[in-house]
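Read-outs: derived from the displayed coordinates by stated rules, not from any lab. Here the structure is a predicted model, which means the values were calculated and not measured. Neighbour counts run over all protein chains shown; Cβ positions are idealised from the backbone, glycine included.
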Amino acid sequence: MRTLIELNVNNESYPIDVEGRTRLLDALRDKCLLTGAKEGCSTGDCGACTVHLDGQPVTSCLVLAASTVGHKIVTIEGVADGEELHPVQKAFMECGGLQCGICTPGMIMTSIAFLKENPSPTRDEIRDGLQGNICRCTGYDKIVDAVQAAALELDGKAGSKK
């Protein structure tokens, strides 16, 4: 049975029809046409489909779309400020944290949430904070470098607002 629901994604309203078993990942990609979140494992183990739900990172392959009605969803498409990339996005580009691109959106979404909780992490804390996000293309060092660089950038911006 199909149901009409309305999702709040990246501060925009998306009225879509879904079946009760429709995953948030599928609703985002197929109904909202936001394809940044990637399907990796379909079991919540790889993190490629990570989005923010009310500010918390979630694996969208394990969340039913209908359960997110009334909540705020942010995808990788919604983290930039207009044409200005988020500092984590910029750092991934500048530090070579991008590989094939399948894991990148999830890594970035997890990193943004992680840096809100821990704005000055050590390399070991970054590695711990990114658990649940798997990359097959890299040894993770450039990803950790990117998160460290973003932390410094974000700290500098926070410092200038004090």
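Working note: Karplus 6.51/-1.76/1.60 with θ = phi - 60° gives the range 73-90 the couplings 10, 10, 10, 4, 5, x, 8, 6, 9, x, 7, 8, 5, 5, x, 5, 4, 4 Hz, where Gly and Pro are set to x. Which residue, chosen from SER120, MET107, SER67, occupies the Cα position most advanced towards the positive end of the dipole of the chain, where the dipole is computed from +1 (Lys, Arg) and -1 (Asp, Glu) charges on Cβ about the Cα centre? Going by the Cα projections, it comes out as SER67. For the chain, a simple Cβ point-charge model (Lys and Arg +1, Asp and Glu -1, everything else neutral) yields a dipole of about 120 debye relative to the Cα centre.
Mind checking the angle between helix 104-117 and the chain's longest principal axis? C-alpha axes, 0 to 90 degrees, to the nearest 10. That helix lies at roughly 70 degrees to the long axis. With q set to 0.14, 0.15, 0.20, 0.21 Å⁻¹, the log10 of I(q)/I(0) for the range 2-78, from the Debye formula over equal scatterers at the Cα positions, is -0.35, -0.41, -0.75, -0.83.
Give me the angle, in degrees from 0 to 90, between the Cα long axis of helix 141-161 and the longest principal axis of the Cα atoms of the chain, rounded to the nearest 10. Here the helix axis deviates by roughly 90 degrees.
Taking the DSSP beta bridges with both ends in the chain, the antiparallel portion is around 90 percent. Once both labels are positioned 7 Å from their Cα atoms along Cα-to-Cβ, the gap between ARG136 and SER67 label points is 2.7 nm. Stretched out straight at 0.36 nm per residue, the stretch from LEU85 to GLU39 would grow longer than its current Cα-Cα span by 14.2 nm.
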